[in-house]
Amino acid sequence: MLFPIGDDNRDLTILPVVNYLLIAVNVLVFVFLQGLGTNDTFTYSFSTVPQEIVSGRDVVTPRRNVVDPLSGERFTLPGLQPTPGSVYFTLVTSMFMHGGIAHLFGNMLFLWIFGDNLENALGRRRYLIFYVVCGLIAGLSHVAATTLLNGNMLIPSLGASGAISGVLGAYLILFPHRRVRVLMMRTVTEVPAFMALGLWFLFQLVNGLGILGADSQAGGVAYAAHIGGFVAGCALIKLFGSRQALRAQVTY
């Protein structure tokens, strides 16, 4: 598996302020509002719950004591908490929340590597709108997949992965031949973006198709959101970028 760790930024002409701010907001939300993942009340109030999005009504559930069938360990599952305001707003709030430090680190690394190039191509305002739109489409893709596959409609989802998947899709369209540094079998090498991101998308697709007929979340990963965000990024990038700006991009 290829793990991206950097790319060629020689053509950047602006300081990617919006990308830095997106990373900062994600980190600050996780640290201060989610309490490094310990504030269940906040997390279960502002995550996206498919049942709430489909019905338009807030859902509150009690905490449950469950037993792990393999280890026999008892633990408590937090219940869904009241959502202040419209439940549809959780489609936005959830894309700035994370399930753990590893989840946050992986997402922010990908955003750090690929987001600055896209902001440089689109400009700050268009990049921010593009990011949010891809995140919304990704969240709705997860809700749709959960509904159509008869998944558990009460499992909340959260994370920037869907929006970042949109960034990856756009990057692939704009910079298919740009050199991306990757870690492969403990060795750092460079591959074209179409290989690094193409394999990443193939992994999402294979895992997503592998759970057809089952829950739309496997192992805590909402693959439908990744796929939906990536496809949205590929499809929308030409609409968001001016012809002059897109034509000027170097695809080495």
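One line per residue, one yes/no per condition, for (1) of a type in the set (Phe, Trp, Tyr); (2) surrounded by fewer than 23 Cβ atoms within 10 Å (Cβ to Cβ); (3) without any contact (Cβ under 8 Å) to a residue 40 or more places away in the chain:
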| site | (1), (2), (3) |
| --- | --- |
| Leu128 | no, yes, no |
| Tyr131 | yes, no, no |
| Leu136 | no, yes, no |
| Ser141 | no, no, no |
| Thr146 | no, no, no |
| Ala160 | no, no, no |
| Ile164 | no, no, no |
| Val167 | no, no, no |
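The conditions of being more than 19 Å from Gly100 (Cβ to Cβ) and either in contact (Cβ under 8 Å) with a residue 12 or more places away in the chain or in contact with a helix residue (DSSP H, G or I) (Cβ under 8 Å, 6 or more places away or on another chain) (or both) are met by Gly56. Among the criteria (1) within 18 Å of Leu154 (Cβ to Cβ); (2) under 23 Å from the mean Cα position of the chain (by Cα); (3) not acidic (Asp, Glu), the one Phe96 does not fulfil is (1). Filtering the range 73-86 for residues that are crowded, with 16+ Cβ neighbours inside 10 Å and touching a Gly at 6+ places or on another chain (Cβ under 7 Å) leaves an empty set. Phe114 - would you say it is in contact with a helix residue (DSSP H, G or I) (Cβ under 7 Å, 6 or more places away or on another chain) and farther than 18 Å from Pro50 by Cβ? In short, yes. Checked against (1) assigned to a helix (DSSP H, G or I); (2) more than 12 Å from the chain's Cα centre (by Cα); (3) among the polar types (S, T, N, Q), Asn152 passes all but a single condition, namely (1).
Of the helices (runs of 4 or more DSSP H) entirely within the range 1-92, those holding at least 1 residues that are in contact with an Asp or Glu (Cβ under 9 Å, 6 or more places away or on another chain) occupy 17-28, 50-55. Contact map, the range 13-24: residues that are within 13 Å of Ile164 (Cα to Cα) paired with residues that are aromatic (Phe, Trp, Tyr), Cβ distance under 9 Å, separation 6+ or inter-chain. Pairs shown: Asn19/Trp112; Asn19/Tyr127; Asn19/Tyr131; Leu22/Phe96; Leu22/Tyr131; Ile23/Trp112.
We did not get these values from a lab; they are worked out from the coordinates using the rules stated. Remember, it's a predicted structure, so these values are computed and weren't measured experimentally. Please note: Cβ atoms are built from the backbone with ideal geometry, for glycine as well, and neighbour counts cover all protein chains shown.
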